[in-house]
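The values are calculated or read from the model by the stated rules, or taken from the named source; none is laboratory data. Just so you know, these numbers come straight off a predicted model, no measurement behind them. Cβ placement follows ideal geometry from the backbone for every residue including glycine, while neighbour counts extend to all protein chains displayed.
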Amino acid sequence: MIEFKNLSLVYPNGNEGLKNINIKINEGEFVVIVGLSGAGKSTFIRSVNRLVTPTDGELIVDGEDILTHNGKSLRELRKKVGMIFQSYNLVKRSTVLKNVIAGRLGYTGTFRSIFNMYPKEDMELAYENLKRVNIENKLYSRADELSGGQQQRVSIARVLTQKPKVILADEPVASLDPPTSHQVMKYLKQINQEDNITTIVNLHFIDMAMEYADRIIGMRAGEVVYDGPASEVTEKTFEEIYGRTIREDDIRGGEVNE
Amino acid sequence: MSNQLPPKPRTPAKVVKRVIILLAVVALYVWTFSSVNINWERVFSERTLENINRIIPQFFDPAWAETGTILVKMVETIFIAYTGSLAAAVLAIPLAFLCASNMVKNKFLNTIGMWILGAVRAFPEIILAIIFVAAVGPNPFAGVLAIAIGSTGMLGKLYSEVIESIDMNIIEALEASGANKMQILFYGIMPQVLPEFLSYAIYRFEIDVRASSVLGIVGAGGIGTLITFAYLNRNWDEVGMILLVIIIAVTIIDQISGFIRRRLV
Amino acid sequence: MNKTDEFIPTSLYPAKTKRTISIAFIVVIGFYLVSSITTESFIINFFLKLGNITDLVGRFFPPDWGYVNNVWPKLFETIHMAIIATTIAVIISVPFCLLAAHNITTNKWLYNSMRMILNIIRTIPDIILAVVFVGLFGIGVFSGIIALIIFAVGILVKLMSEIIEAIDMHPSEAIRASGGNTIQTIWYAVVPQILPQFISFSLYVFEINIRASVVLGLVGAGGVGQLINKEINFLNYPAVSTIVLIIFAVVVVIDWISGKLREGLV
């Protein structure tokens, strides 16, 4: 369970990233955060694994207030909270397998990780996760030989390899085309259901949010302006969240449902 | 778990290549360390300790009294570098055009030009200085010649790369409007390459100031002459002062030339 | 009619540009004349006295081929010096590269002081380093190697810290987000991105070190330069030209090999 209690974040330049957020996210939920760019979605998500540090309030993850974490305890938190990025963030010159095994770094000693001395189970786990996203045949390819969609699947495999309790995804499909976007979202949804991993995804596209989310949280200017089950959301709700009418580029399109 | 990792694909050619490189590197190191002749007894002798006690304090207590003489020689050093690099900046232009494959459409001439420039670059300036000292006597002119020739090699290569990267459409347009070869050179090519030529020439001047400060060691004028005297007479406080002057002068020149180059491009 | 209608451009450039260019031109030429006169060196002399100069340079020819066998031991010493110095310099420069890159070393104070030290080291000519170390450790290879190491570290750290500053920081964000510590982040996200350039620059520094170690011998820091110094003092010019030609050939061959290796890397 993740709980935001009166959480605020003011950047050093005075910008308010988050304003007094109070949200409870239950275990196993698939939450989609929507909002225009600059609404604070990214700050919201990055607070959960402390890539940014909120300046006020409490943020409870797995029963602990994570704002006090630093050094070792912070790395323990990040082992539990996996993250997927818009630009995949793979090491382009390394092989797919090496990128995926990087998910075990939090569990592996510095010395062992430098000399690639991973236990057999870790290697098998990495390979199994590549199989789950159907990219096991690219095992020894260099990451920069893969297409965007393939790279994002590798980054999902990397996250799975760290055996997280929570997966954060920051605009995971913004750099992909519509069919690939749906493929990536389906993998995320499937993993969420099969492994009961709490999943928080930032999205801009309203059709994708409605299709994949259990629950939608709307943000504007650092504040939560909507919070409700995806089934109750309509285009009207989005217009209220965005503060303007829906445009073509707010909709991803592609396949609607099979 | 039944998830056996498939074996890593290896092509034999790659493995052989790696083994060869590895063996070559190992052989190189074995050869080096087995034959290098370091006199460890001398290095870790009492004399070294004495030297350290004697030289280091002197070195960090520069001879301020010599400031005047040293500054005069530093100015001479800068003059040598300036004269040499300006000459090189001009000499390099025709050579660069000769090497640029979009200007001289003759592979043979291009290659010859490249060879000349490459050959010049292979000589350290100080070796050139030795030759010119023998030819024109131990004076600053020998230094100027060494700098001029040495810099021409590098500038010619950089210039030719600049020329090869220019936009040829403009030249086509000028040809179409009936311009002759000289007009094309001055209206089509020069405006495109001049800022970068200048920037490289100034950059080379920075390098030349460093280079000309040591040419005096072989008698080619400048502050290096003083280094030899100070060193032979074991005046370490003077060596310290000379070094201080060089560091300050080079830093100032780097700053100025960096400023000009940023304005240029 | 107002005034602007009568305006006919008389020049292709605005007056201000013209003035700036003219002043710059006068300064450049003026400074050239001052330099030429004080150093009594007129490039034109080179061409006017070309015959004279060729005569004098002619003393270097023909090279004394009988001297070749005297060159090898010292030449190998030069190469050994360059190999040892480059190897040690590469190892030493690793931590300093990281400290001198602002995206890795976020501590401003540490970063700026690293940069300052680096800039000062790079202004010291290699031969002065050699002079000082020969003074300390006596004539021989050891002094030369130490001088080359310091010289090479200066160049390598400068080049590499710039490469590190230009890397993609996204992967390191991902490694940190999955719980990696600082060393793991550097090893998994930074090293793979910079390794090819690092090797390439190491080879480049090796090329520079070969050239530099030729020179260091002139002040007694070991290598083939010592031989040059000796033969010049004996006015044995044909021997000098033999040495110079051999150095030239070796430098060209080593540059070529290292160039080929570097091409294969990137």
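Residues of the stretch A:43-61 that are more than 13 Å from every other protein chain (Cβ to nearest Cβ) and among the hydrophobic types (A, V, I, L, M, F, W, C): A:F44, A:L59, A:I60, A:V61. Those helices (runs of 4 or more DSSP H) of the stretch B:175-265 in which 3 or more residues are over 26 Å from C:G225 (Cβ atoms) and among the polar types (S, T, N, Q) occupy B:236-264. I'd like the full set of residues that are farther than 17 Å from B:F205 by Cβ and surrounded by fewer than 22 Cβ atoms within 10 Å (Cβ to Cβ), limited to the stretch B:137-161. Listed by number, the residues that qualify are B:G137, B:P138, B:N139, B:E161. Taken over the stretch B:122-144, residues that are facing another protein chain (nearest Cβ under 8 Å), under 14 Å from the mean Cα position of the chain (by Cα) and assigned to a helix (DSSP H, G or I) amount to 3.
If you check C:T78, C:T87, C:T20, C:T39 for being free of Cβ contacts under 8 Å to residues at least 12 places away in the same chain and touching a helix residue (DSSP H, G or I) at 6+ places or on another chain (Cβ under 7 Å), only one passes: C:T39. For the criterion of being touching a strand residue (DSSP E or B) at 6+ places or on another chain (Cβ under 6 Å), farther than 30 Å from C:V214 by Cβ, of a type in the set (A, V, I, L, M, F, W, C) and facing another protein chain (nearest Cβ under 8 Å), C:A177 passes. For the stretch C:222-261, residues that are of a type in the set (S, T, Y) and within 11 Å of chain B (Cβ to nearest Cβ) total 2. If we keep just the residues of the stretch C:50-69 that are more than 8 Å from every other protein chain (Cβ to nearest Cβ) and surrounded by 16 or more Cβ atoms within 10 Å (Cβ to Cβ), which is farthest from B:S85 (Cα to Cα)? Only one residue fits best here, namely C:Y67.
Screening the stretch A:62-97 for residues that are of a type in the set (K, R) and more than 8 Å from chain C (Cβ to nearest Cβ) and picking the one that is surrounded by the most Cβ atoms within 10 Å (Cβ to Cβ) gives A:K80. Based on this model, can you work out whether C:G217 counts as touching a Lys or Arg at 6+ places or on another chain (Cβ under 8 Å), within 12 Å of chain B (Cβ to nearest Cβ), in contact (Cβ under 8 Å) with a residue 24 or more places away in the chain and closer than 16 Å to C:I79 by Cβ? Judged against the criteria, C:G217 is a match. Just to be sure before I move on: is C:A212 of a type in the set (A, V, I, L, M, F, W, C), in contact with a helix residue (DSSP H, G or I) (Cβ under 9 Å, 6 or more places away or on another chain) and farther than 30 Å from B:L22 by Cβ in the structure I sent? So C:A212 does not fit the description; no. Across the stretch A:118-130, the qualifying residues are those that are surrounded by 13 or more Cβ atoms within 10 Å (Cβ to Cβ) and without any contact (Cβ under 8 Å) to a residue 12 or more places away in the chain, and the one among them that is nearest to the chain's Cα centre (by Cα) is A:E128.
Among all residues of the stretch B:161-175, there is none that is within 28 Å of C:I120 (Cβ to Cβ) and not acidic (D, E). Test B:L128 against the stated conditions and say whether it is farther than 17 Å from C:V244 by Cα and touching a Leu at 6+ places or on another chain (Cβ under 9 Å). No: the conditions fail for B:L128. Does C:N119 satisfy being among the polar types (S, T, N, Q) and in the same structural domain as C:A152 (by TED's automatic domain parsing)? Judged against the criteria, C:N119 is a match.
Yes or no, residue by residue, for (1) within 11 Å of another protein chain (Cβ to nearest Cβ); (2) in contact (Cβ under 8 Å) with a residue 24 or more places away in the chain; (3) not aromatic (F, W, Y):
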residue: A:N116; (1), (2), (3): yes, no, yes
residue: A:V133; (1), (2), (3): no, yes, yes
residue: A:R158; (1), (2), (3): yes, yes, yes
residue: A:P172; (1), (2), (3): no, yes, yes
residue: A:S175; (1), (2), (3): no, yes, yes
residue: A:N192; (1), (2), (3): no, yes, yes
residue: A:R215; (1), (2), (3): no, yes, yes
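B:A100 passes every criterion in (1) at pLDDT below 85; (2) buried (at least 17 other Cβ atoms within 10 Å of the Cβ); (3) over 20 Å from C:V132 (Cα atoms); (4) at the interface with another protein chain (Cβ under 8 Å from one of its Cβ atoms) apart from (4).
Quick grid of which residues meet (1) surrounded by fewer than 19 Cβ atoms within 10 Å (Cβ to Cβ); (2) touching a His at 6+ places or on another chain (Cβ under 8 Å); (3) modelled with pLDDT of 90 or more; (4) closer than 14 Å to A:E211 by Cα:
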position: A:S155; (1), (2), (3), (4): no, no, yes, no
position: A:M185; (1), (2), (3), (4): no, no, yes, yes
position: A:K189; (1), (2), (3), (4): yes, no, yes, yes
position: A:E194; (1), (2), (3), (4): yes, no, yes, no
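A Cβ distance below 6 Å, combined with a sequence gap of six or more or placement on separate chains, defines the contacts here; from the stretch B:237-248, residues that are under 15 Å from B:I56 (Cβ atoms) and within 9 Å of chain C (Cβ to nearest Cβ) reach residues that are buried (at least 21 other Cβ atoms within 10 Å of the Cβ) and among the β-branched types (V, I, T) in the pairs B:L243/C:I128. Residue pairs whose Cβ atoms lie under 7 Å apart, sitting 6 or more positions apart in sequence or on different chains, and linking a residue in the stretch B:137-158 that is charged (D, E, K, R) to a partner that is part of a helix (DSSP H, G or I), are B:K157/B:L117. Within the stretch B:13-47, the set of residues being within 33 Å of the chain's Cα centre (by Cα), hydroxyl-bearing (S, T, Y) and surrounded by 10 or more Cβ atoms within 10 Å (Cβ to Cβ) comprises B:Y29, B:T32, B:S35.
All told, C:V205 falls short of being more than 8 Å from chain B (Cβ to nearest Cβ), under 24 Å from C:I88 (Cα atoms), without any contact (Cβ under 8 Å) to a residue 40 or more places away in the chain and assigned to a helix (DSSP H, G or I).
Tallying residues that are closer than 21 Å to B:I207 by Cβ and in a loop (DSSP other than H, G, I, E, B) within the stretch C:101-132 yields 2. Among the candidates C:S35, C:S11, C:S41, the residue that is among the small types (G, A, S), within 11 Å of chain B (Cβ to nearest Cβ) and not in a helix (DSSP H, G or I) is uniquely C:S41. Please work out if A:G222 is surrounded by 14 or more Cβ atoms within 10 Å (Cβ to Cβ), at positive phi and touching a helix residue (DSSP H, G or I) at 6+ places or on another chain (Cβ under 9 Å). Yes; evaluated as a whole, the condition is true for this residue. Taken over the stretch B:207-231, the residue count meeting the criterion of being surrounded by fewer than 23 Cβ atoms within 10 Å (Cβ to Cβ) and at the interface with chain C (Cβ under 10 Å from one of its Cβ atoms) is 5.
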